[in-house]
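Take a look at the structure set out below.
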């Protein structure tokens with residue numbers, strides 16, 4: 001059965017928070033979420049999310065790009081399946097992305113649309129997204145870790161997350177050698193049996209600083225060190241750090257394209273592969289990358305920092321891929337995360353339970369989220 005899109009809606013939400021997310025590249029002082037709802041001619045719908053957490057107002061640009069360029073292109077075609085739609089629209093918008101010098105925003109918009117079409121298709125076939133993707137048995141739970149921890153409040157956040165059911169935690173680093181060592185040593189010392197600790201430098205070190213920091217922090221028995229250097233640095237630099245590090249290196253959230261991911265996996269410097277499906281590729285790209293990573297002996301740990309729609313998408317794809325990996329679960333203040341994905345699953349004993357309802361298994365509570373709604377737009381196919 002082909003996909004014929006009849007209507008697309010876009011919803012931009014924004015919520016102020018008391019504690020910004022702090023990273024080596026800057027802070028995220030407010031939480032923005034850009035959701036899209038796609039409906040076919042039979043009235044079946046699906047939800048998607050467009051990555052927009054940084055810069056703080058990047059969602060405003062993306063919703064205009066989506067309504068003026070992506071929607072007209074999407075509404076004008078008929079597609080065999082979601083993958084066909086993503087490939088077709090990627091080719092169709094390729095020159096536009098180059099001309100506008102915006103390959104990232106274009107990829108994010110197409111990734112969100114791809115997710116919505118996969119959710120729609122799974123709902124239409126009355127299957128969970130994970131069962132639609134995988135021909136084999138899929139797990140109803142995935143391992144999860146608490147992400148986004150600020151270094152200055154990490155101890156308090158770990159205590160809160162431990163109480164909430166998490167058994168693995170990732171803290172931000174690259175704030176200076178003294179602070180990094182103090183925070184990581186304190187958290188590592190206080191871990192309980194079975195708990196794990198990771199760090200994320202957010203591309204915050206140059207090679208000379210990474211040469212010092214990676215061995216020093218890795219000595220604390222970390223599960224991985226994430227993005228020690230910028231994602232686009234030469235493979236020779238990643239190779240050197242992989243040899244220097246006593247623990248695996250992680251990355252992939254800032255990588256785009258099948259060729260780039262194939263190179264990353266084949267080179268073997270990343271033990272943990274972390275594509276962000278809503279930055280590039282959608283479900284179509286992430287599922288392919290995840291399977292390749294696991295088949296090559298790597299762990300697949302999808303990146304996500306947004307609302308519950310994107311979180312559930314990452315969890316469903318992780319389950320479908322199978323193999324080693326954990327779900328990144330942002331735990332910093334964000335009222336939109338749960339309100340926009342109901343009923344919201346709760347972590348228990350370190351695992352995230354997946355809904356049994358069709359598609360993603362959740363629906364945004366638009367009524368409860370009305371106070372955070374900034375912009376809503378609607379687009380319909382011509383009859």
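The values are calculated or read from the model by the stated rules, or taken from the named source; none is laboratory data. No experiment lies behind these values; they were computed from the predicted model shown. Please note: Cβ atoms are built from the backbone with ideal geometry, for glycine as well, and neighbour counts cover all protein chains shown.
Remarks
- Condition check for residue 75: touching a strand residue (DSSP E or B) at 6+ places or on another chain (Cβ under 7 Å), farther than 19 Å from residue 369 by Cβ, crowded, with 17+ Cβ neighbours inside 10 Å and not assigned by TED's automatic domain parsing to the domain that holds residue 254: yes
- Test set (1) touching a residue at least 60 places away in the same chain (Cβ under 8 Å); (2) more than 30 Å from residue 150 (Cα to Cα); (3) touching a helix residue (DSSP H, G or I) at 6+ places or on another chain (Cβ under 9 Å); (4) outside any loop (DSSP other than H, G, I, E, B) - residue 108 fails condition number: (2)
- Boolean, residue 318 is assigned by TED's automatic domain parsing to the domain that holds residue 200 and at negative phi: yes
- Among the residues of segment 221-257, those that are under 19 Å from the mean Cα position of the chain (by Cα) and not in a loop (DSSP other than H, G, I, E, B) comprise 225, 226, 249, 250, 251.
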